[in-house]
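Data first, discussion second: the structure below is written as structure tokens.
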Amino acid sequence: MRGSSESAKLPILLSFLLKVVFVIVCCHAVGTEGRTSDDLKVTLPHGGVLVGRHLFSHSGRGIRAFLGIPYAEPPVGDLRFKPPVPAASWTGERQAVQDSPICIQRDPFRRDHTIEGSEDCLYLNVYTPQKQDVLGPLSVMVWFHGGGWECGAGISAFYGPKYLLDHDVVFVSGNFRLGPLGFLSTETSDCPGNFGLKDQVMVLKWVQENIAAFGGDPSSVTIFGESAGGASATYHMISPATRGLFHKAIIQSGTYFNPWAQPAHKGVPAKRANKVGELLGCNTKPNDWKNLLKCLHGKSAENITATVYDFFEWDTDPMIPFPPVVEPPSSSAFLSVHPRDVDIPHSISIPIIVGITSDEGALKSAPLLNLGIGDEFREKFKDVLPIILYYDHHPEEIRDEITKKINEFYFNEKHDWSKENHQDLTNLFTDAWFWHGVEEYLMKRLSAPRKAQAGSTYVYLFNHKAPASFTELFKGGFEDYYGVCHAEELQYLFPLAEQLFVTAQPTRRDAMLREAMVQMWVNFARIGNPTPEDSGLPTWKPALGHPITYARIGSKDPDNWVVLQNEHGLLEERANFWKEINAHLPAAETSTRDEL
């Protein structure tokens, strides 16, 4: 790992990344404006023309990039806290050569105190090969970014096409509303919530209506995402709003069964909506939704976004106070049934890839140990663990029993973790935040009735040690290694490391793994199989039941390193423990905890 001198550089890189990219794009646009060729112009079905720009892939292939395309009207004024409205058409040419603003946000993962972005942010990017090697329309990959539905963006500065467009595929990524502006809910028709997910639906509808103009195939659309983006993909697989809008899914490190991604428990969204009003001085009566919303419409997007941190009860937890919600039934609802009550998802027949990294929990353990709050965590273990792990909705006696069992299983009641002795703590967060929910999702899919005809299910464990780790961004420091952290695989699908870890030195194995992963993801988007016979890759066997067959991608052990190896029985003992304690099931109706 790198020295402390670089710790000062990283915040600067992150803070100015968007500004640097903006300058580069603008300079490029000015330099090429006078020589725009016809292949950079696309006429949309409504008659308006987009003028894009040239980029190059990692291998030097030409890319046509169309940036900052509006897919919905700006969600401002009367459209705040409303479902997205399709963007208006235009006549003539529209320049599409620079990223749009990101959606307004505050990043708890990096512990940012600044608020970035704009409320006018519903734009997407489309990337296509300048020249394709295959005949006919190309398969389409639509990316939903992670960030806990609180932060992140789909812009090229974050998720560029450099690796994916080494292949013949159309890549689409977009922004969607975040935090309270994207997910505030009164649990009534006044403000039902899920606006960020409804923005994603609008992206998929836009793709169906427009992607053929870019050479894409609207009948071959793969949605893929990581963390909250992966969980979003699973929500789309059960939402009536997205039926028929996509045909494959890649689910990375998140499903709707993960505790942070589950719909907020009944009554909680309304209480949080009331609290937002209180924090902003609305002075309305509880549940007076008409006047509350009138007040909130008069508040700035910055002030509304800033309230997120006021919901933290210990450190930065609960980290995601505005998750998806179960809406009142209506024709416009994105989700009106809890995922646990959905017997057979409408998209169960589509093929999917699902996976995690081996040490997802370093997202939480690394900052806990690096920022000097480990001692307080030990002292308040019984009180704060239910908050951090999302089982504080249970009555006190049940919470205490769950905590006791966790303490025995992971620590043998010894809280002797440290930077050098973190694995048990990392495993706890890996299992509670990620693996348990993913495993539950897999088991429900793989045990579906035969009549449901579930599509092929490919499972992976990403286990490769990268030259730089996302724990650095999550305040885990530069000096210590906590394992294959949450989001680590993104470095092998997108050129993130080139921007975030500028002094990292990729190895030959990093290059091999990047090429293999991109090829597998694109193969899957094309034909629903990541490793067809002519791919030159080891065969990735689909999971058929329990124990789970999965592909181990890479290895932390350099003597045991392979690109892909099929294995059986993924973290079974740890998964079984979480099944037994039922920590993340909804509490009984008799629960009286006044949860916020």
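The values are calculated or read from the model by the stated rules, or taken from the named source; none is laboratory data. Small disclaimer: the values here were computed from a predicted structure and weren't measured. Neighbour counts run over all protein chains shown; Cβ positions are idealised from the backbone, glycine included.
Brief remarks on what is shown
- One residue stands out in segment 291-335 among those that are acidic (Asp, Glu) and over 22 Å from residue 79 (Cβ atoms): the one that is surrounded by the fewest Cβ atoms within 10 Å (Cβ to Cβ), namely 310.
- Residue 283, sole failed condition from (1) at pLDDT below 95; (2) within 19 Å of the chain's Cα centre (by Cα): (2)
- Condition broken by residue 392, with the remaining ones in (1) touching a Lys or Arg at 6+ places or on another chain (Cβ under 9 Å); (2) closer than 19 Å to residue 314 by Cβ; (3) outside any loop (DSSP other than H, G, I, E, B) satisfied: (3)
- Any hit, segment 403-416, residues being surrounded by fewer than 20 Cβ atoms within 10 Å (Cβ to Cβ), in contact with a helix residue (DSSP H, G or I) (Cβ under 7 Å, 6 or more places away or on another chain), outside any loop (DSSP other than H, G, I, E, B) and modelled with pLDDT under 95: yes
- Members of segment 240-290 found to be in a loop (DSSP other than H, G, I, E, B), out of contact with any Pro (no Cβ under 8 Å at 6 or more places or on another chain) and surrounded by 24 or more Cβ atoms within 10 Å (Cβ to Cβ), listed by number: 253, 254, 255, 258
- Counting only residues that are of a type in the set (Phe, Trp, Tyr) and either in contact with a strand residue (DSSP E or B) (Cβ under 8 Å, 6 or more places away or on another chain) or more than 21 Å from residue 101 (Cα to Cα) (or both), segment 148-171 holds 3 of them.
- Filtering 68, 77, 148 for residues that are under 30 Å from residue 190 (Cβ atoms), surrounded by 18 or more Cβ atoms within 10 Å (Cβ to Cβ), assigned by the TED database to the domain that holds residue 173 and modelled with pLDDT of 95 or more leaves a single hit, 148.
- Which listed residue, of 487, 497, is touching an Asp or Glu at 6+ places or on another chain (Cβ under 7 Å) and among the small types (Gly, Ala, Ser): 487
- A single entry from 98, 132 fulfils the requirement of being surrounded by fewer than 22 Cβ atoms within 10 Å (Cβ to Cβ), more than 30 Å from residue 299 (Cβ to Cβ) and outside the structural domain of residue 522 (by the TED database): 132.
- Within segment 579-596, residues that are part of a loop (DSSP other than H, G, I, E, B) reach partners that are modelled with pLDDT of 50 or more and aliphatic (A, V, I, L, M) with beta carbons closer than 6 Å, at six or more positions or on different chains, in the pairs 583/402; 595/268.
- Within segment 216-239, considering residues that are assigned to a loop (DSSP other than H, G, I, E, B) and over 12 Å from the mean Cα position of the chain (by Cα), the one nearest to residue 64 (Cα to Cα): 237
- Conditions (1) farther than 30 Å from residue 303 by Cβ; (2) of a type outside the set (A, V, I, L, M, F, W, C); (3) part of a strand (DSSP E or B); number of the one not met by residue 47: (3)
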